[in-house]
Each structure stands twice: as C-alpha cells, then as structure tokens.
Amino acid sequence: MPFSFRHQSALPGVVLIEPQRLGDSRGSFMETFKRSEFAAARLPVDFVQENQSVSTRGTLRGLHFQRAPKAQGKLVRVLSGEIFDVAVDIRPGSPTRGHWVSEVLSGENRHMLWIPEWCAHGLLVLSETAEVLYKTTEEYSPQDEGGFMWNDPAFALPWPAEPLALSKRDREWAPF
C-alpha cells in the first residue's frame with residue numbers, strides 16, 4: 001500500500017497521511033495521491049483546485065475556512081521546509097466544536113494532512129522558508145470566505161513560536 005492513513009482521535013475526520021517513499025541510487029519516488037487508495041480510505045477523490053504558497057519563517061496563515069456551499073476540504077503537504085499545521089472543528093452543534101489537532105508537516109517527513117470542509121485551517125512556518133501545496137474540493141470563493149483569530153483563547157492553540165508575519169486580514173478576524 002503506497003499510503004498509511006492515520007485518523008486523528010481528537011478530531012475524527014482529520015487524517016494524517018504518510019506516503020511510502022521508494023529510493024535508490026538515482027533518488028526517490030512516491031505517490032502523493034491515488035484515487036483508489038483515497039477512496040478506500042473514505043477520503044475525497046475529486047479535487048477541483050490546487051494552491052501553492054511560499055512563506056518565510058514565522059509567517060502565520062489562518063485560521064481560514066469557506067462557508068457552504070463552497071466549503072473546502074484540503075489535502076495539505078509541504079514540498080520544502082517545515083510548518084506547524086492546525087485544523088479546528090467549527091461545526092455548530094458538533095461534540096468536538098472548537099477542538100483542534102496539529103501536525104508538523106515538512107519536506108523531509110513528507111506527511112500530508114486531510115482537513116475536512118468543516119474545519120478552519122491555519123499554519124505557522126517553522127523553517128527559513130516553506131513551500132506548501134494543497135488540493136481543495138471546492139474552488140476559492142471570496143464571498144464565502146471566513147476566519148477566526150489565530151490566537152483566540154477559545155482554541156488555546158499551542159503555536160510553537162510567536163508569528164512574525166500576518167496578513168492584515170489574518171490580524172482582523174473575529175473571535176470564535
């Protein structure tokens with residue numbers, strides 16, 4: 001099996017994905033998505049947009065989400081560098097509403113994180129730079145965009161460092 005799928009017990013539905021990496025004297029190879037494997041793991045297989053960002057150490061992006069009908073599930077991976085990646089359950093009435101999970105994703109560990117459409121997402125760059133790639137299940141829709149304060153006491157997220165760079169938008173999100 002080219003992937004190991006590990007469901008996060010604190011937030012069922014968020015999945016850490018570890019691709020199998022094959023290497024020899026020429027270098028390495030790994031599959032980063034395979035429809036049949038993701039379908040067997042009951043993860044979405046129909047991605048409609050792919051985004052890539054490059055950020056410097058201390059850049060914090062988040063906590064972002066899109067409202068229905070354009071809510072986005074995200075498959076996040078890091079091509080180079082290292083990030084602290086966070087998913088927060090924002091579903092009204094959910095028994096895990098306001099709960100979160102985090103993972104360190106890096107170009108070295110090659111782990112990926114599946115973040116369902118009912119989560120807010122954020123990341124903090126831990127390395128000098130990080131290049132992040134993520135697939136989404138819906139196209140970006142500015143009118144359906146939302147977010148929450150990255151440092152909202154309701155979440156008490158344990159960011160591993162103080163952010164050095166935040167967009168104006170990310171500084172102005174409302175509390176949860």
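Can Pro175 be described as in contact (Cβ under 8 Å) with a residue 60 or more places away in the chain and not small (Gly, Ala, Ser)? The answer is no for Pro175. The lone criterion from (1) over 23 Å from Tyr140 (Cβ atoms); (2) part of a strand (DSSP E or B); (3) of a type in the set (Ser, Thr, Tyr) left unmet by Ser55 is number (1). Only a single item in (1) part of a strand (DSSP E or B); (2) over 17 Å from the mean Cα position of the chain (by Cα) is not met by Ser102, and it is number (2). Of note, Glu108 does not satisfy the criterion of being in a helix (DSSP H, G or I), more than 15 Å from the chain's Cα centre (by Cα), among the charged types (D, E, K, R) and surrounded by fewer than 21 Cβ atoms within 10 Å (Cβ to Cβ). If the condition is being crowded, with 16+ Cβ neighbours inside 10 Å and assigned to a loop (DSSP other than H, G, I, E, B), then region 83-95 contributes only Ile90.
Among the candidates Arg67, Arg35, Arg57, Arg42, which residue alone is surrounded by fewer than 18 Cβ atoms within 10 Å (Cβ to Cβ), at negative phi and free of Cβ contacts under 8 Å to residues at least 60 places away in the same chain? Step through it out loud before you land on a result.
On the way: Arg67 fails: free of Cβ contacts under 8 Å to residues at least 60 places away in the same chain; Arg57 fails: free of Cβ contacts under 8 Å to residues at least 60 places away in the same chain; Arg42 fails: at negative phi.
Matching residue, one of Arg67, Arg35, Arg57, Arg42: Arg35.
Residue-level analysis places Glu138 among those that are in a loop (DSSP other than H, G, I, E, B), in contact (Cβ under 8 Å) with a residue 12 or more places away in the chain and surrounded by fewer than 21 Cβ atoms within 10 Å (Cβ to Cβ).
Within region 70-82, the only residue that satisfies the criterion of being surrounded by 21 or more Cβ atoms within 10 Å (Cβ to Cβ) and over 16 Å from Lys135 (Cβ atoms) is Gly81. Within region 111-127, take every residue that is over 22 Å from Arg57 (Cα atoms), surrounded by fewer than 24 Cβ atoms within 10 Å (Cβ to Cβ) and among the hydrophobic types (A, V, I, L, M, F, W, C) and give me the one that is nearest to the chain's Cα centre (by Cα). Result: Trp114.
Read-outs: derived from the displayed coordinates by stated rules, not from any lab. Not measured: the values here are computed from a predicted model. When we count neighbours, we look across all protein chains shown, and the Cβ atoms used for this are built from the backbone with ideal geometry, even at glycine.
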